[in-house]
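Here the structure comes first, spelled out in structure tokens, and everything after it is commentary.
The values are calculated or read from the model by the stated rules, or taken from the named source; none is laboratory data. These numbers come from a predicted model, not from an experiment. Heads up, the Cβs are rebuilt from the backbone with ideal geometry, glycines too, and the neighbour counts pull from every protein chain shown.
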Amino acid sequence: MTIDRRIFSLGLVGLTLAGCSGEGEGAAVSSGLPNDLRPARNSGYDNWVATFRERAARQGFSQELLSNSFRGTGYLPGVIKRDRNQVEFKKSLEDYLSIAVSDERVLKGRAAFSRHQSSLKAIEDAYGVSAYIVTAIWGLESFYGERRGDVPVISATSTLAYDGRRGDFFEKQLIAALKILKYGDTTSANLKGSWAGAMGHTQFIPTSYLSFAVDFTGDGRRDIWSSDPSDALASTAAYLSKNGWKKGLRWGDEVVNGSPSGTIIQPQADGPRFSTTANFRVIKSYNNSDAYAIGVGHLADRIAGAAGLRTSFPPDEYGMTKNDRIALQKSLTKSGFDTGGSDGVIGPKTIQAISDYQRSRGLAVTGKPTLSMIDT
């Protein structure tokens, strides 16, 4: 993850805010936020905001802008909780690709590409970046716009700036968010994103927005939040272009036969190998992870009509293949132990289902899968 671009949050949840300042209209109130992402009273935060507003005024922000920007916002305890608990369930490359390049994401990507093909072609012509790569990033960042996030950015960034763990970074994001409002690209009611302030269809943090966002539609606003994704997709292409994208060069390929060229990587032992190019490293400037860049590249290829990987992944530490894990999930769900789906990834819901199954059978509760659980 590249902390200077944005904080990545896979699987954004539709979030909302209930205002508590009593100052009238401000950040829009939605209906689905959990309680910990609604403003909570915090005198320390209030004092911090007061001193921040003094600093911001000295930087040229008007009192009117500051009042409008902070109206209806507040301290979000859930943001701090999520920031403290970012260590995610460890995923192998096979698990990551099972989610990032799932059949559903491929099919939705093809549909999204078809709907926006004319805009994507125009964006490719303008910036030289593959329309399929741009579509794949869109798919990984917000599920093609379905999960853009609904947390007011001013509340999120000010909460994290006040907290102090990465205070300087998030104060810069807060300042950048105020500049976005000052320039009139959107309103405070529409300035929403993930719990960490990543915004729009392709999840730009405010500082990256200021550096790379473009007005591709020509309406005078760089609107990455609207239902029309054109500005967001063009902004992503502009980002990649300015970070060195080479027109016509592939991201890489799976190594199967022949003499590969480029840099060879094998992120998972005994799994597929990939030859990667300079454009692979450009994708990593968006999110500094080999798995992410492979996910983008492979999803782009699948959206374009390519088949899946040809090299199989080895059995996991429990001696189970992906097909075994899918069969286990289906068996558990059929027996009344909900795994949350059958994608072959042993994540928290599947572990809970396994534990519940073991408990119901009087077995030692380990949460670990076994082949003997299939069809039980």
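The set of residues in the stretch 155-212 being within 21 Å of S67 (Cβ to Cβ) and part of a loop (DSSP other than H, G, I, E, B) consists of G184, D185, T186, T187, S188, A189, N190, L191, G197. In summary, helices (runs of 4 or more DSSP H) completely within the stretch 226-303 and bearing 2 or more residues that are among the charged types (D, E, K, R) and under 21 Å from E94 (Cβ atoms) occur at 290-303. Considering (1) modelled with pLDDT of 95 or more; (2) surrounded by 15 or more Cβ atoms within 10 Å (Cβ to Cβ); (3) farther than 30 Å from Y45 by Cα, the lone condition that S92 does not fulfil carries the number (1). Scan the stretch 80-113 for residues that are out of contact with any Gly (no Cβ under 9 Å at 6 or more places or on another chain) and either of a type in the set (A, V, I, L, M, F, W, C) or not in a helix (DSSP H, G or I) (or both) and the total you get is 10.
Residues are listed down the side, and each one gets a yes or a no for (1) surrounded by fewer than 23 Cβ atoms within 10 Å (Cβ to Cβ); (2) at pLDDT 95 or above; (3) closer than 20 Å to K121 by Cβ:
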| residue | (1), (2), (3) |
| --- | --- |
| L181 | yes, yes, no |
| G193 | no, yes, no |
| A198 | no, yes, no |
| T202 | no, yes, yes |
| I205 | no, yes, no |
| L210 | yes, yes, no |
| G220 | yes, yes, no |
| I224 | no, yes, yes |
| D228 | yes, yes, yes |
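Pairs linking a residue in the stretch 299-320 that is under 13 Å from D253 (Cβ atoms) to a residue that is of a type in the set (V, I, T) and in a loop (DSSP other than H, G, I, E, B), with Cβ atoms under 8 Å and 6 or more positions apart or on different chains, are R310/V256; T311/V256.
Limited to the stretch 114-136, what total is found for residues that are closer than 18 Å to K284 by Cα, of a type outside the set (F, W, Y) and either touching a residue at least 60 places away in the same chain (Cβ under 8 Å) or not in a helix (DSSP H, G or I) (or both)? Count: 7.
Exactly one residue out of D253, D316 is closer than 25 Å to I346 by Cα, among the charged types (D, E, K, R) and touching a Pro at 6+ places or on another chain (Cβ under 9 Å): that is D316. Would a scan of the stretch 137-144 turn up a residue that is over 25 Å from G109 (Cα atoms) and part of a helix (DSSP H, G or I)? No: the stretch 137-144 contains no residue that is over 25 Å from G109 (Cα atoms) and part of a helix (DSSP H, G or I).
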